[in-house]
Amino acid sequence: MNKLKLVALQIDDMHLAFRDGLNYIVGKNNSGKTTIFNCIRYVLGLVRSNASQNVYSINLEVRIDDRNLVFSRDIGDSYISVFVNNVPNKFRPLSKELNDFFCDYLLPDYIFGREYEDMFKLLDFFFLSEERPENRRQQWEAINSICGINVSLLGSLEKDISSLKKEVYRSQEIHTAIEEFSELFSKNLGNFSDNKDIENSLEKTKGEYFCDFRRDKELLIGATKKLAAIKDESDHQLRDRISEIERVFVGLKNFSGYERWDLDDLESFVKGKNRYMSYGQEIFSKFILILAISKVAQNSRYNFPGLIINDSYLSVGLDNKTYKSALEILEDVAGKESGIQYIEFTTYRDNLPKDHVVLDLNSKGVLNVFRD
């Protein structure tokens, strides 16, 4: 999968340049950090609306496989303009057309090649914020997609087979009723001399009438077998890749000092809250999971966009030792030459290198950058 990197962001009169590796945007509470975070998701078309106050227009330059694109969207606009070589393309947010556009440029890899897979869930998985409610089912689907599982394909096949099955069952009920009628009709013919011709005519009529039913029944049997084969192969690959992520995830959480709770399995962790974990521990563990995926994706074929955007996702319930360990893991996974771009919005950081700070909202003249 090609990498998505942010190059430059303009929100009204504010200009911000990003770099490869670690990027930090520093600011006190209510200084505009979450506004910038939400504007990035909004201009990429990952959401339909933006509640940010006092913002009018957003322009975001990104790089995908050495190709520069510019996403432009005004607040309240129902369309996004994407400029490729200065040529504009217009898309609605969360639309199939925009999704196909991301697929064409990011080139995700799936075990059953398919153009239309959900890029929005996959990309949004790497935007971390405590303010956003979690949809655990969508998070698990995103991990499936990251592992190369054709989530959309499987869902589409299951939906089609379900509709076909209902149609076949309805036809089966009609077929049974007509068979019963035919038996009664033949019985009541008695000993008429021409009853053989009538029975032959009846059988011919039934054969012609139920031609589509027999075809749909054969199609249902074939489609059900095909879906079962696709599911078996998908489950096999998913188990292998999830096991790889789990091994790294467990190693990183143990390094950070989180040996005090056990991981049943990754699916149950993602889809349901662990009763032994506090909210802060759960938040931190999700962050470690993101880094584990990032780490395994550097050496294997995973659908990882190479971009992590963290809106204060580490600010709850961490002791100093765990927080320091998290920074060491982050530096190891997303440091220089890793091919990963990490962007964090943070209130403070004692040991934050100045060369990683791309914007300080606390600086004089920068605090109120958005229009009144």
* Asked: Can you name the residue in segment 84-95 that is open to solvent by 70 Å² or more (accessible area, probe 1.4 Å) and either within 18 Å of residue 305 (Cα to Cα) or at pLDDT 95 or above (or both) and is also farthest from the chain's Cα centre (by Cα) among such residues?
  -> 90
* Identify the residue in segment 114-145 that is in contact with a strand residue (DSSP E or B) (Cβ under 8 Å, 6 or more places away or on another chain) and modelled with pLDDT under 80 and, among all such residues, is surrounded by the most Cβ atoms within 10 Å (Cβ to Cβ). => 130
* residue 79: open to solvent by 70 Å² or more (accessible area, probe 1.4 Å) and under 30 Å from residue 57 (Cβ atoms), yes or no? -> yes
* Could you run through segment 34-56 and say how many residues are in a loop (DSSP other than H, G, I, E, B) and either out of contact with any Asp or Glu (no Cβ under 8 Å at 6 or more places or on another chain) or of a type in the set (Gly, Ala, Ser) (or both)? => 9
* Name the pairs whose Cβ atoms lie under 9 Å apart, with the first residue in segment 321-343 and among the aromatic types (Phe, Trp, Tyr), the second open to solvent by 20 Å² or more (accessible area, probe 1.4 Å), and 6 or more positions between them or separate chains? -> none
* Only listed residue being under 25 Å from residue 104 (Cα atoms) and more than 21 Å from the chain's Cα centre (by Cα), chosen from 63, 48, 19, 41 -> 19
* Asked: Hey, among 57, 49, 31, which residue is hydroxyl-bearing (Ser, Thr, Tyr) and without any contact (Cβ under 8 Å) to a residue 40 or more places away in the chain?
  -> 49
* Failed item, numbered, when residue 148 is tested on (1) touching a Leu at 6+ places or on another chain (Cβ under 9 Å); (2) open to solvent by 30 Å² or more (accessible area, probe 1.4 Å); (3) assigned to a loop (DSSP other than H, G, I, E, B) -> (2)
* Asked: Restricting to segment 152-167, what's the tally of residues that are farther than 14 Å from residue 225 by Cα and open to solvent by 40 Å² or more (accessible area, probe 1.4 Å)?
  -> 5
* Look through segment 220-260, keep the residues that are within 25 Å of residue 325 (Cα to Cα), part of a helix (DSSP H, G or I) and touching a Ser or Thr at 6+ places or on another chain (Cβ under 8 Å), and return whichever of them is most open to solvent (accessible area, probe 1.4 Å). => 255
* Asked: When the residues of segment 20-40 are filtered to those that are among the charged types (D, E, K, R) and in contact with a strand residue (DSSP E or B) (Cβ under 7 Å, 6 or more places away or on another chain), which remaining residue is farthest from residue 63 (Cα to Cα)?
  -> 33
* **Selection count, segment 85-113, where residues are out of contact with any strand residue (DSSP E or B) (no Cβ under 7 Å at 6 or more places or on another chain) and under 14 Å from residue 303 (Cβ atoms)** => 10
* So is residue 31 buried (at least 20 other Cβ atoms within 10 Å of the Cβ) and in a loop (DSSP other than H, G, I, E, B) or not? -> yes
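The values are calculated or read from the model by the stated rules, or taken from the named source; none is laboratory data. The structure displayed is predicted, hence computed values, not measured ones. Note that we place each Cβ from the backbone using ideal geometry, even for glycine, and neighbour counts take in every protein chain shown. Just so you know, the surface numbers come from the protein's heavy atoms only, side chains and all, with ligands and any DNA or RNA stripped out. Shrake-Rupley method; radii C 1.70, N 1.55, O 1.52, S 1.80 Å.
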